[in-house]
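First the structure, in the form of structure tokens, and then the observations on it.
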Amino acid sequence: MKKLATLFMIVVLATLTAKIALAGDTLADAKKKGVLVVGCKDSLPPFGYIDEKSRQIVGYDIDFVNAIAKKMGVKVELKPVTSASRMPQLQEGHIDIIAATMTKNPERAKVIDFSHTYFFTGQKFITKKGTVKSLKDLEGKKIGTAKGSTSEQNVKKAIPSATVLSFDDYPQAFLALQQGKVSAVTTDEAILAGILAKAPNKAQFEIPTLQISDEPYGLGMRKGDTNFVNFVNKTILEMEKSGEAAKIFEKWFGPNTQFHLSRTFKITADK
Ligand code: GLU
């Protein structure tokens, strides 16, 4: 028994050491390779989606990592991730940074490190027009969202009687709403606004003013990748100061786009 326990401890220690070793120094490594590998969304306008004309992934998240990579003097390689796959992809070293509509929370911060908040939104619902006035109207109903998201956790807590159907991504959940298979889709308002803006039959749907959480977005990096985290934080604070962050916000959410949000926060250093 004692021998088994010792063996177990050795395995645990070896695994931990391997994980720490993997954290490495992304800033130095990416500079050496000349490329920063970014995990992003590819079907969530305006954060990360395929531009119809250029066939490239573009968006708010992409503009932030492009600015960071430019400062490093490296190219960006974009790798699409889902809400469920982004943390394992980072930990296993397949990507160097997550820029994928990711909420910072204490649970996730045990596993990875986050930058200062670079976007702020809150969780809401898309429903058929006129069907939902309060959370009561969703009790006992089927609600669609994405696997591995905070949206999935929050809605289960906010409406325990609902049946939550978790899809790989939000466009699939919205398809289920269009087909009448769910009564609502829930996630961050900024994502819902992007889905609705692009929907051909948008007049049939709405985003009621029901918010169930705050969702501050952070760029995700490997735990203990301190040089890189500091560099990213310094860069995004500089972007706020120079007006570049506001420019990116205006480009994707300002009055002249289809996504329309008002700028409600500034990038500041976390305490
Ligand atoms: N921001 C939320 C999250 O990180 C929902 C959006 C997403 O799934 O990416 O889970």
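Tabulated results
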{"read-out": "Quarter of Cα convex hull surface for region 86-236, i.e. mean projection, nm²", "value": "9.2"}
{"read-out": "Within the accessible area of the chain (1.4 Å probe), percent carbon and sulfur", "value": "57"}
{"read-out": "Expected 222 nm ellipticity per residue - DSSP helices of 4 or more, -39500 (n - 2.57), all of the chain, to 500", "value": "-12000 deg cm²/dmol"}
{"read-out": "C-alpha center-to-center spacing [region 239-271, region 36-114] in angstrom", "value": "18"}
{"read-out": "Over the chain: Rg over Rh, Cα atoms, Kirkwood Rh", "value": "1.01"}
{"read-out": "Lys79 long-range amide H proximity, modeled H, under 5 Å", "value": "Val38, Gly39, Cys40"}
{"read-out": "Over 20 Å (Cα to Cα) - which of Lys129/Lys202; Lys71/Lys234; Lys198/Lys266; Lys223/Lys271; Lys124/Lys157 fall in this group", "value": "Lys198/Lys266"}
{"read-out": "Rounded to 5, percent antiparallel among DSSP beta bridges of region 87-240", "value": "70"}
{"read-out": "Considering only the chain, percent of DSSP beta bridges that pair antiparallel, nearest 5", "value": "55"}
{"read-out": "Charge dipole magnitude, Cβ of K and R +1, D and E -1 - the chain, Cα centre, debye nearest 20", "value": "360"}
{"read-out": "Helix 60-72 vs. the chain, principal-axis angle (Cα, 0 to 90°, nearest 10)", "value": "20"}
{"read-out": "Cα long-axis angle, helix 244-253 against the chain (0 to 90 degrees, to the nearest 10)", "value": "30"}
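The values are calculated or read from the model by the stated rules, or taken from the named source; none is laboratory data. Treat the numbers as computed from the prediction; the structure is a model and nothing was measured. Methodologically, a virtual Cβ is constructed for each residue, glycine included, from the backbone with ideal geometry; neighbour enumeration extends over all protein chains shown. Heads up: the accessible areas ignore ligands, DNA and RNA and are worked out on the full protein's heavy atoms, side chains in. Shrake-Rupley method; radii C 1.70, N 1.55, O 1.52, S 1.80 Å.
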